[in-house]
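Accompanying notes for the structure given below.
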Amino acid sequence: MKRLVPFWQLALAATAVLIFYSCVLRSAPADLMLQAQLVWGTNNDKPDDPKLKDVDQKVKDKLRGVFKWKNYFEVNRQDFTLTASAPRKVKMSDLCEIEVQNLGNSSVELKLYGKGKMVVRKTQRIKSGELLVLAGDDKNDTAWFVVLSLVEK
């Protein structure tokens, strides 16, 4: 009885297929669980607005290490899942929106829009425990920030 295909050729073909599919699966970007915070920086004391909250100490320390403001208040917080399929728009306020795209390998492109116009764009790898911070304009002795971080699963 004659074999149609020698065993070593079948083994080689199976190995090639296995390597190909493992590369394809590994290269697909994983979904990211993200948190975006809209933060207001000011040297003034906290106003009586109950919607404003003090930011977490980690965020406050990061911002104080770079920027000049004495106080930082959280205006809005949004948790969302970022898939590999398309960029995701997240409305942070009536005047502020972000667009985030998953580039794979834990890298994201973040665009900050103020009053409908793109203010800044940044591409960065986002790691667990780290913060990606974008700053808006400095007006009336205050500033606006968007802080992006990974949500721990």
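Filter region 61-106 down to residues that are small (Gly, Ala, Ser) and modelled with pLDDT of 95 or more, then give me how many there are.
1
Considering region 114-123 alone, what residues qualify as being part of a strand (DSSP E or B), of a type outside the set (Val, Ile, Thr) and either modelled with pLDDT of 95 or more or loosely packed, with under 13 Cβ neighbours inside 10 Å (or both)? Step through it out loud before you land on a result.
Kept after step one, since they are part of a strand (DSSP E or B), are these residues of region 114-123: 114, 117-123.
Pick out the ones that are also of a type outside the set (Val, Ile, Thr) and you get 114, 117-118, 121-122.
Hits for region 114-123 are Lys117, Met118, Arg121, Lys122.
Restricting to region 69-113, count the residues that are outside any loop (DSSP other than H, G, I, E, B) and at negative phi.
31
Looking only at region 43-60, how many residues end up being of a type in the set (Asp, Glu) and either loosely packed, with under 12 Cβ neighbours inside 10 Å or at pLDDT below 90 (or both)?
Adding up the residues that qualify gives 3.
Please indicate, with yes or no, whether at least one residue in region 87-96 is out of contact with any strand residue (DSSP E or B) (no Cβ under 9 Å at 6 or more places or on another chain), surrounded by fewer than 19 Cβ atoms within 10 Å (Cβ to Cβ) and of a type in the set (Asp, Glu). First the steps, then the outcome.
Applying the first criterion (out of contact with any strand residue (DSSP E or B) (no Cβ under 9 Å at 6 or more places or on another chain)) to region 87-96 yields 94.
Right, trim to surrounded by fewer than 19 Cβ atoms within 10 Å (Cβ to Cβ) and you get 94.
Among the residues that remain, those that are also of a type in the set (Asp, Glu) are: 94.
There is at least one residue in region 87-96 that is out of contact with any strand residue (DSSP E or B) (no Cβ under 9 Å at 6 or more places or on another chain), surrounded by fewer than 19 Cβ atoms within 10 Å (Cβ to Cβ) and of a type in the set (Asp, Glu).
Being free of Cβ contacts under 8 Å to residues at least 60 places away in the same chain and not small (Gly, Ala, Ser) is the filter here, so list the residues in region 56-71 that pass it. Don't jump to the end; show me each part of the working.
Taking region 56-71 first, the residues free of Cβ contacts under 8 Å to residues at least 60 places away in the same chain are 56-57, 60-61, 64-65, 68, 70-71.
Asp56, Gln57, Lys60, Asp61, Arg64, Lys68, Lys70, Asn71 - these are the residues of region 56-71 that are free of Cβ contacts under 8 Å to residues at least 60 places away in the same chain and not small (Gly, Ala, Ser).
Name the single residue that is farthest from Asn43 (Cα to Cα) among those in region 124-153 being buried (at least 17 other Cβ atoms within 10 Å of the Cβ) and of a type in the set (Val, Ile, Thr).
Ile126
Return yes or no: is Lys46 among the basic types (Lys, Arg) and part of a helix (DSSP H, G or I)?
No, not satisfied.
Scan region 95-153 for residues that are among the charged types (D, E, K, R) and more than 18 Å from Gln35 (Cα to Cα) and jot them down. Please lay out each step first, then the result.
First pass over region 95-153, keeping only residues among the charged types (D, E, K, R): 97, 99, 109, 111, 115, 117, 121-122, 125, 127, 130, 137-139, 141, 152-153.
Lys115, Lys117, Asp137, Asp138, Lys139, Asp141 - these are the residues of region 95-153 that are among the charged types (D, E, K, R) and more than 18 Å from Gln35 (Cα to Cα).
The values are calculated or read from the model by the stated rules, or taken from the named source; none is laboratory data. The model shown is predicted, which means the values in this text are computed figures rather than measured ones. In this analysis, Cβ positions are derived from the backbone assuming ideal geometry, glycine residues included, and neighbour counts consider all displayed protein chains.
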